[in-house]
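Report on the following structure.
None of the figures in this text is laboratory data; all of them are computed from the coordinates on show. Just so we're clear, the structure is a prediction, and the values are computed from it rather than from any experiment. Reconstructed Cβ throughout: ideal geometry from the backbone, glycine too, with neighbour counts over all protein chains shown.
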Amino acid sequence: MDFNQIMTELKSRKYSPVYFLMGNEPYFIDMVADYIEAKVLDDSEKEFNQTVLYGGDVTADEVFGAARRFPMMSEYQVIIVKEAQNIKNIAGKEKESEGEKEKKDAEKTKYPIELYLDNPQKSTILVICYKYKSVDKRKVLYKQLEKKAVVLESKKLYDNQVSAWIDNYIKGKGYTMGPKASSVLAESLGTSLSKVTNELDKLMINLPPKSEITLDIIQTNIGISKDYNVFELQNALGKKDVLKANRIINYFAANEKEHPLPMTLSVLFGYFYKLMLYHYLPDKSKNAVMAGLGVPFNFADDYKVAGANYPMPKLKKIFSYLREYDLKSKGVDSGSASNGELLKEMVFKFLH
């Protein structure tokens, strides 16, 4: 079940006995767990019927033992297990204590969670936050989870998906944002949705409802320069605007902490990779470029210009430069050059 479906059911008060929230993007996991923690029980019920456990402090036996309890003067009890990936036996066979009676052969091969899923406590809402890991979909355990629990696989967004996600998030809050502003944010803040939403939420506190979030507002409130950012750098490189590109990299070199070279390299790799894909598009109309590269409609013409400036032989050289300077940024054959000097050297090779 995807995130939106889960949230729709929760808001309709349709609850499952078990929620297994897994994956590399913690944002969606936290959103589901936080909603259940805040909304399922009222304040008078929470004192006796809501428990938050942490994976480093409990065993699987303790988790499922607590889940089998009955609520007190409430329809449900809620148990939220945070950092469940730190419970060594949450998805592995429990180690039997000395003197424990031999279990049935059928049970010996089952994971602790499977044993609970065979007969879950229907008055318990058990939320397992299994961050930065996923259960192998080929295993029986995953198939059992799919049948008997609500499973959320929370995947990190790709770089080219973040801008559209920001647009939808902003619209959901009643604000608007132009494609350039959302692209600058996406390129500057990266793919961590927790970081992105934290910055946007702080920004919106100071804005009137239904207003537009402009580049000027972003610069004032988040500290991302509207003129000196990695988005403007790739734009200058695409147009082979030597003067603008040099102004930006000089600014980056003077502000290395705000513009670390590894992040700049990552963004530029993504940009030139899209440019390579552009060359392979059979249809280079604006709609086809937008669909094929996952870029806003208004940016399609930029790729046409960049494609003319960087034919495939030049792109191959650029990818070799990116690999070379990635190694140098990590101290391999870089001599005494600073990251700022390495960036200037690399961009010179891009442009000439």
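Quick notes on this structure:
- Of the residues ILE29, ILE224, the one with the fewest other Cβ atoms within 10 Å heads the list, and the complete ranking is ILE224, ILE29.
- Cα-based helix-to-principal-axis angle, 179-189 vs the chain, degrees rounded to 10: 70
- Protection proxy ranking, peptides 330-343, 13-26, average beta carbon neighbours within 10 Å, highest first: 13-26, 330-343
- Here's the list of lysines a cross-link from LYS46 could span, going by alpha-carbon distance under 23 Å and ignoring same-chain residues fewer than 8 apart: LYS11, LYS14, LYS82, LYS122.
- Neighbour net charge for ILE217 - beta-carbon separation under 15 angstrom, K R +1, D E -1: 0
- Put simply, when 63-72, 266-275, 159-168 are sorted by average Cβ atoms within 10 angstrom per residue, most first, you get 266-275, 159-168, 63-72.
- For segment 3-153, size of Cβ-based charge dipole, Lys and Arg +1, Asp and Glu -1, in debye: 620
- Nearby lysines by direct alpha-carbon distance to LYS210 (threshold 20 angstrom, same-chain neighbours under 8 apart not counted): LYS171, LYS173, LYS180, LYS202
- Which of ILE248, ILE80 has the fewest Cβ neighbours within 10 Å, and the rest in rising order: ILE80, ILE248
- Partners of LYS156 within straight-line reach, counting lysines whose Cα lies under 17 Å from its Cα and excluding those fewer than 8 residues away in the same chain: LYS131, LYS133, LYS195.
- Between 0 and 90°, nearest 10: helix 242-254 axis offset from the chain longest Cα axis: 50
- HIS352, HIS259, HIS279 arranged by Cβ crowding within 10 Å, fewest neighbours leading: HIS352, HIS279, HIS259
- With Cα atoms, 0 to 90° folded angle of helix 261-280 axis to the chain main axis: 80
- With the helix formula -39500 (n - 2.57) applied to DSSP H stretches of n ≥ 4, the chain reaches a computed 222 nm mean residue ellipticity of -17000 deg cm²/dmol.
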